[in-house]
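Below you'll find the structure, written out as structure tokens, and then a few comments.
The values are calculated or read from the model by the stated rules, or taken from the named source; none is laboratory data. Computed from a predicted model, the values in this text were never measured in an experiment. Reconstructed Cβ throughout: ideal geometry from the backbone, glycine too, with neighbour counts over all protein chains shown.
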């Protein structure tokens, strides 16, 4: 388990990564003075991981992969393999496919039910069951389909052929991804999305497979994030300072980056500035608990009641951005 203590805020994507060609333009538009000041005055230490899932794995190394963790938070207890699943948009670029995810391909409740039903009608005979209707998309499988695919955050914005494993053991994944593309190509959900000018959901991405957790407990009803619910269901750190109850996960910036939408990323940063940054600042000043921010840029930033005295440090947000 990590030695980070106190309140922990996971905000993957808050500080990038963004392309170097966008850095100057983004810097001139970024309006986050409170966040810049907090980062400047915090103690920082290296910490790997870019996505919420990778950061959670660092904090709770005994936790299973995200598929099983999300399933536990949903009360799924079958002794099968569970994977995380997300809708994606695959865009042709000459003879290659670019993969995009995030809010632009989010499904409505009705769409999620329709895609779930269509998938299960075709693939349940092969031992696979999809559920996109809960707090997280998951798929159960009677056995692993091969080596785990890379996490969604690590493949969004990339060419599909560069992220798919090439070894023969990954052939079932490649076959499933191709068959899902064919299933969704002319699906009524996508016909309706195209008519209203929304991105079509012409693919699904599967990652983070692990066997189900045995006998998970019921997390509190007010815990919304799927993976935090899973951690609470495992109840693996009762009474400790980094209990999952002290963990907040914020993914608006990550969702914008997965969609390749820099204006939305800047807007997410301004939202963080107005909502969470003041909470972090006030909590740190009170000194009751330390506060640690994990923005997925390779560093952990910890603030306490003495942090505000480091007023000589330069508050430049771009110094903390991760550049691709």
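Here are the numbers for the structure shown:
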{"quantity": "Qualifying residue in region 162-184 (condition: in contact with a strand residue (DSSP E or B) (Cβ under 8 Å, 6 or more places away or on another chain), modelled with pLDDT under 95 and more than 19 Å from residue 73 (Cβ to Cβ))", "calculated": "yes"}
{"quantity": "Any hit, region 30-40, residues being farther than 22 Å from residue 281 by Cβ and either assigned by TED's automatic domain parsing to the domain that holds residue 261 or within 22 Å of the chain's Cα centre (by Cα) (or both)", "calculated": "no"}
{"quantity": "Residue in region 87-100 that is in contact (Cβ under 8 Å) with a residue 24 or more places away in the chain, outside any strand (DSSP E or B) and out of contact with any strand residue (DSSP E or B) (no Cβ under 9 Å at 6 or more places or on another chain) present", "calculated": "no"}
{"quantity": "Hey, residue 191 in a helix (DSSP H, G or I), outside the structural domain of residue 51 (by TED's automatic domain parsing), over 24 Å from the mean Cα position of the chain (by Cα) and surrounded by fewer than 18 Cβ atoms within 10 Å (Cβ to Cβ) or not", "calculated": "yes"}
{"quantity": "Helices (runs of 4 or more DSSP H) wholly inside region 14-77 that include at least 2 residues being more than 27 Å from residue 260 (Cβ to Cβ)", "calculated": "33-41, 66-73"}
{"quantity": "Failed item in (1) out of contact with any strand residue (DSSP E or B) (no Cβ under 7 Å at 6 or more places or on another chain); (2) modelled with pLDDT of 95 or more, with residue 66 passing the rest", "calculated": "(1)"}
{"quantity": "Residue satisfying all of: in region 289-309; part of a loop (DSSP other than H, G, I, E, B) and in contact with a strand residue (DSSP E or B) (Cβ under 9 Å, 6 or more places away or on another chain); modelled with the lowest pLDDT among these", "calculated": "289"}
{"quantity": "So residue 114, is it in a helix (DSSP H, G or I) and at negative phi", "calculated": "yes"}
{"quantity": "Boolean, residue 169 is more than 20 Å from the chain's Cα centre (by Cα) and either closer than 30 Å to residue 17 by Cβ or not in a helix (DSSP H, G or I) (or both)", "calculated": "yes"}
{"quantity": "Residue 136 being part of a loop (DSSP other than H, G, I, E, B) and under 24 Å from residue 261 (Cβ atoms)", "calculated": "yes"}
{"quantity": "Matching residues, region 233-254, being at pLDDT 85 or above and touching a strand residue (DSSP E or B) at 6+ places or on another chain (Cβ under 9 Å)", "calculated": "246, 247, 248, 249, 250, 251"}
{"quantity": "Selection count where residues are within 16 Å of residue 107 (Cα to Cα) and out of contact with any strand residue (DSSP E or B) (no Cβ under 8 Å at 6 or more places or on another chain), scope region 191-213", "calculated": "8"}
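Yes/no matrix, rows are residues, columns are (1) free of Cβ contacts under 8 Å to residues at least 24 places away in the same chain; (2) surrounded by fewer than 19 Cβ atoms within 10 Å (Cβ to Cβ); (3) under 24 Å from the mean Cα position of the chain (by Cα):
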{"site": "185", "(1), (2), (3)": "yes, yes, no"}
{"site": "208", "(1), (2), (3)": "no, no, yes"}
{"site": "218", "(1), (2), (3)": "no, yes, yes"}
{"site": "221", "(1), (2), (3)": "yes, yes, yes"}
{"site": "227", "(1), (2), (3)": "no, no, yes"}
{"site": "231", "(1), (2), (3)": "no, no, yes"}
